[in-house]
Structure formats: C-alpha cells, structure tokens
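> The structure under discussion is supplied below as structure tokens; questions concerning it will follow.
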Amino acid sequence: MCKSLKNIIIDKNNNWQALRNKDGKTIKAQETFRMQHFIGKDGSVFDLVVQRKLIKG
C-alpha cells in the first residue's frame with residue numbers, strides 16, 4: 001500500500017462516514033472516505049472512495 005493512502009486510512013481528522021447496507025442500516029466497524037484525486041500530467045480528476053474495516057486481533 002502506498003504511503004499517502006496509508007496516511008489517509010489512519011488519519012482520524014478525515015471525514016469518515018459509516019458504511020451502510022442496501023437497507024440503509026449502518027454496518028458496524030466499517031467506514032468510507034471520499035476525496036478527489038488526480039493522476040497524470042494532465043491532472044485528470046476522479047473521486048477516490050476509501051473503505052476501512054476494524055479488525056480485532
């Protein structure tokens with residue numbers, strides 16, 4: 001995993017939102033974060049959605 005993505009996942013200040021199932025109920029210990037990102041010399045912009053899940057152990 002790239003360092004910048006790892007920093008996004010562990011950052012507590014980002015606007016993480018609860019992941020919801022098709023019925024709209026919250027899925028416990030799973031969150032998503034949406035941000036705009038770009039790739040390439042032209043800077044083609046796209047939405048990047050990161051999902052994280054709490055793993056106990």
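> So how many residues does region 30-45 have that are of a type in the set (Phe, Trp, Tyr) and loosely packed, with under 10 Cβ neighbours inside 10 Å? It would help to see each step written out before you state the result.
The initial filter retains those residues of region 30-45 that are of a type in the set (Phe, Trp, Tyr), namely 33, 38.
Remaining after also requiring loosely packed, with under 10 Cβ neighbours inside 10 Å: none.
Qualifying residue count, region 30-45: 0.
> Condition check: loosely packed, with under 10 Cβ neighbours inside 10 Å and in contact (Cβ under 8 Å) with a residue 24 or more places away in the chain. Does residue 54 satisfy that?
Answer is yes for this residue.
> List the residue pairs whose Cβ atoms are under 8 Å apart, where the first residue sits in region 33-44 and is within 22 Å of residue 14 (Cβ to Cβ), the second is among the aromatic types (Phe, Trp, Tyr), and the two are 6 or more positions apart or on different chains.
33/16; 36/46; 37/46; 38/46; 39/46
> Can you tell me which residue among 8, 27 is surrounded by 11 or more Cβ atoms within 10 Å (Cβ to Cβ) and not in a strand (DSSP E or B)?
The unique qualifying residue is 8.
> Among the residues of region 7-28 satisfying the criterion of being of a type in the set (Val, Ile, Thr) and at pLDDT below 90, which is farthest from the chain's Cα centre (by Cα)?
Selected residue: 10.
> Continuing with this model, one more query. Inside region 30-57, can you point out the residues that are among the β-branched types (Val, Ile, Thr), out of contact with any Lys or Arg (no Cβ under 9 Å at 6 or more places or on another chain) and assigned to a strand (DSSP E or B)?
Correct list: 39, 45.
The values are calculated or read from the model by the stated rules, or taken from the named source; none is laboratory data. These numbers were taken from a predicted model, which means no experiment stands behind them. Neighbour counts are summed over all protein chains in view; Cβ atoms, including those assigned to glycine, are modelled from backbone coordinates with ideal geometry.
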